[in-house]
Amino acid sequence: MTAVLDDWRERSVDDVIAMAKDVLEDPDFPTVARWREAGGKVLGHFQVYFPEELAHAAGLLPVKVHGAAVEGRDAEARFGSYLCSIVKSSLELALSNRLELDLFVSHPICDVARNLAAIWERSVPYPCRILYLPQNANSTYAASYLRDEYARILELIEETAGRRVGDDDLRASIAVFNDNRRLLRRLYEIRRETPWLLPVDDAYALTAVGGRIPREEHNALLASVLPRIAARVVKPQDRIRVVFEGGFCEQPPIELLRAIGQSCYVVDDDLLIGLRWIVEDVDASGDPLLNLATAYLERSTYSPVQHDLRKPKEKMLLARIRASRADAAIITAAKMCEPGLDEQVAYVHALDDAGIPYFVGEFEEKMTSFDHFQIQLETFVENVLFT
């Protein structure tokens, strides 16, 4: 495995977290560049969920593409001005050669994203494809359909990698990602039980950096820092416990998360939920593609872009709030995000019925001023604490 981070093993936890934030905020994708300099190939995949095990098994670096705070010079001309920012900034990364890929995969998660791969492919020399996740997750045939869809994408990955991928390769990758899922569950367990040990912006950085480095390297990093975080001696403060909802696709700036963390303990969230989509280990025996497809449908969390009648979003949110013993919720959506804004209606009604206080806000990845958001949130927190 090619290591793409600077040597972090002798660094303090705070230094490791700072390094992770630097990687995330660098629009030149230095870790991906190092991977390519070492001769590696890269598969970029757009939000929300992609079975990264497929790329990993072929020796490709799977990179989660979720935009960046860059000026959309060329990409702006390819999309309407009224569309969300993340598709423009993601394409801008490719057009400006900041993010060099060998294959790009997107998903028809919304009216904007469903056209992304076709627009992307017109401007780059590498293939771009759509992975069609099941529209009807409740169909008897959903798992077998998705298994075949994964096989179709895997053939393209094999062409890109120049090698065949066997079942044993996939099983080995599933094992690596099972380790990653276990470590991320541990990270979120620390946040639920002792949120004063791991502020939301720090937790986000440790999670999100996994989308830009080899998963084995991410596993080693988490295995090193999580025990040290759990052993921190930090006195809890008088802050309310909240769940942050609305970060499934476009991501808020880390500075906004830091501002939220100054008045709240964020004990759970849906930030980059695709990295934690499958909530249990995936069975590595039998047909690994079918196992991955089944896990996507049967052992997974929720987001506004998956339509599963067994997963009413508002009930899933209430379950997340209760499981994390949260006092309130922050309900957000990225600017111009139709799926996120649609779900807000159901969320608000469910929270009203349950008597759970909530704060409604909006963000965009290029936000640079957070004072207004922070003042409104602090007023909300005071109301929860003192009324």
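The values are calculated or read from the model by the stated rules, or taken from the named source; none is laboratory data. These numbers come from a predicted model, not from an experiment. Because the Cβ atoms are built from the backbone with ideal geometry, glycine has one as well, and the counts that use them run over all protein chains shown. SASA here: full protein model, heavy atoms, side chains in, ligands and nucleic acids out. Shrake-Rupley method; radii C 1.70, N 1.55, O 1.52, S 1.80 Å.
Helix 167-193 and the longest principal axis of the Cα set of the chain meet at an angle near 10°. When all protein chains stay in place and ligands, DNA and RNA are ignored, the 1.4 Å accessible-area order of 35, 277, largest first, is 35, 277. Measuring max minus min along each principal axis, the C-alpha atoms of the stretch 1-118 give extents of 48, 30, 23 Å (largest first). Solvent-accessible surface of the chain, averaged per residue with a 1.4 angstrom probe and all protein chains in place: 41 square angstrom. When the solvent-accessible area of the stretch 219-278 is split by element, carbon and sulfur atoms take up 54 percent of it, the probe being 1.4 Å.
Overall, the accessible surface of the stretch 1-156 at a probe of 1.4 angstrom is composed of carbon and sulfur to the extent of 44 percent. Under 10 Å, Cα contacts only: if you run a Gaussian network model on the chain, which one of 83, 317, 271 comes out with the highest mean-square fluctuation? It is 83.
Spin-label model, residue 10/residue 140: points 7 Å from Cα along the beta carbon direction are separated by 6.3 nm. Look at the dipole of the chain built from charges on Cβ: of 305, 253, 81, the Cα furthest out on the positive end belongs to 305. Overall, the ratio between the Cα radius of gyration of the stretch 138-189 and 2.2 N^0.38 Å, rounded to two decimals, is 1.48.
With the charge dipole of the chain set up from +1 on Lys and Arg Cβ and -1 on Asp and Glu Cβ about the Cα centre, the Cα lying farthest toward the positive end among the listed residues 72, 27, 230 is that of 230. Using a ≥ b ≥ c from the Cα gyration tensor of the stretch 229-305 (square roots of the eigenvalues), is it rounded, prolate or oblate, where a/c under 1.5 gives rounded and otherwise the larger of a/b and b/c decides, a/b for prolate? Taking the square roots of the gyration eigenvalues as a ≥ b ≥ c, the stretch 229-305 is prolate. Projection of the Cα convex hull of the stretch 80-150, averaged over all directions and equal to a quarter of that hull's surface, yields 5.6 nm².
Helix 288-298 and the long axis of the chain differ in direction by around 30°, with both axes built from C-alpha atoms. The distance linking the stretch 118-143 with the stretch 1-37 is 30 Å (Cα centroid to Cα centroid, whole angstrom). Over the stretch 62-135, Cα pairs under 8 Å with separation of 6+ residues give a relative contact order of 26 percent.
The GNM of the chain, with springs linking C-alpha atoms under 10 angstrom apart, assigns the highest mean-square fluctuation among 114, 122, 320 to 122. Largest GNM mean-square fluctuation across 162, 274, 67, computed for the chain with C-alpha springs under 10 Å, falls on 162. Could you please state how large a percent of the accessible area of the stretch 293-387 is carbon and sulfur, counting protein chains only and using a 1.4 Å probe? Roughly 53 percent of what the probe reaches on the stretch 293-387 is carbon or sulfur. Taking the inverse of the mean 1/r over every pair of distinct Cα atoms in the chain gives a Kirkwood hydrodynamic radius of 21.3 Å. Dipole magnitude for the stretch 73-194: about 420 debye, using +1 per Lys or Arg Cβ and -1 per Asp or Glu Cβ, origin at the Cα centre. A Cβ-based charge dipole, computed about the Cα centre of the stretch 320-387 with Lys and Arg at +1 and Asp and Glu at -1, lands at about 260 debye.
The antiparallel fraction among DSSP beta bridges confined to the chain stands at about 5%. Relative contact order of the chain, taken over Cα pairs closer than 8 Å and 6 or more residues apart, is 19 percent.
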